[in-house]
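What follows is a single structure, written as structure tokens, with notes after it.
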Amino acid sequence: MDRFDALLINVGNQTYALPLLQIQEIRGWTAMTGLPNTDASCLGVLNLRGNVLPVFDARRILGKPAPEPRPQDVIVVAVMEDKPFGLLVDGVSDIVEIDGGSITRSGEEAWSSHLVEGIARVGEQLVPLLSLHSLAGEKLSALPAAA
């Protein structure tokens, strides 16, 4: 891999990277409709141009404190296997091009996590590359069919 285009997001006091090619749009906070009997990280659904969009709290998924959503929070709309979903994050900081050679892939590393595909050097900072499939894949398939 020669390069990796990424969206840098902020969750808690940490910066993470998401694969830019899977990002559809970035939206401001919008109130949503809650769903019963769903994973605690599922905040509910919202209407996105006539489509029902499930939204997950990235803070809960990543084990960060999860205060009530605030107006300054951001919803990153991503698409995985033709299914759009939202991730509530504290903010979006940049779009960057990461050299593939600066990425250490997870595997047998001591820091390995199913949520992290690798660690990239962005300037002087180490940034975890999050796996959208691990963040929301199982959660999406567990939602009621209407969502």
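Within segment 47-63, being in contact with a strand residue (DSSP E or B) (Cβ under 6 Å, 6 or more places away or on another chain) and surrounded by fewer than 18 Cβ atoms within 10 Å (Cβ to Cβ) holds for one residue alone: Val52. Within segment 30-61, the residues that satisfy the criterion of being out of contact with any Lys or Arg (no Cβ under 7 Å at 6 or more places or on another chain), free of Cβ contacts under 8 Å to residues at least 60 places away in the same chain and in a loop (DSSP other than H, G, I, E, B) are Thr30, Ala31, Met32, Gly34, Pro36, Asn37, Arg49, Gly50. Is it the case that some residue within segment 66-84 is among the basic types (Lys, Arg), surrounded by 14 or more Cβ atoms within 10 Å (Cβ to Cβ) and at pLDDT 90 or above? There is no residue in segment 66-84 that is among the basic types (Lys, Arg), surrounded by 14 or more Cβ atoms within 10 Å (Cβ to Cβ) and at pLDDT 90 or above.
Note on segment 58-79: residues that are under 20 Å from Ser113 (Cα atoms) and out of contact with any Ser or Thr (no Cβ under 9 Å at 6 or more places or on another chain) amount to 4. It is to be established whether one or more residues within segment 69-92 are free of Cβ contacts under 8 Å to residues at least 24 places away in the same chain and touching a strand residue (DSSP E or B) at 6+ places or on another chain (Cβ under 6 Å). Scanning segment 69-92, I find no residue that is free of Cβ contacts under 8 Å to residues at least 24 places away in the same chain and touching a strand residue (DSSP E or B) at 6+ places or on another chain (Cβ under 6 Å), so the answer is no. For segment 12-32, a tally of residues being of a type in the set (S, T, N, Q) and exposed (fewer than 12 other Cβ atoms within 10 Å of the Cβ) returns 1. Name every residue in segment 11-55 that is in contact with a Ser or Thr (Cβ under 6 Å, 6 or more places away or on another chain) and either among the hydrophobic types (A, V, I, L, M, F, W, C) or within 15 Å of Asp90 (Cα to Cα) (or both), in order of residue number. Once the filter is applied, which keeps residues that are in contact with a Ser or Thr (Cβ under 6 Å, 6 or more places away or on another chain) and either among the hydrophobic types (A, V, I, L, M, F, W, C) or within 15 Å of Asp90 (Cα to Cα) (or both), segment 11-55 yields Val45, Leu46.
The values are calculated or read from the model by the stated rules, or taken from the named source; none is laboratory data. Please read all numbers here as calculations on a predicted model, not as lab measurements. Backbone-built Cβ (ideal geometry, glycine too); neighbour counts: all protein chains shown.
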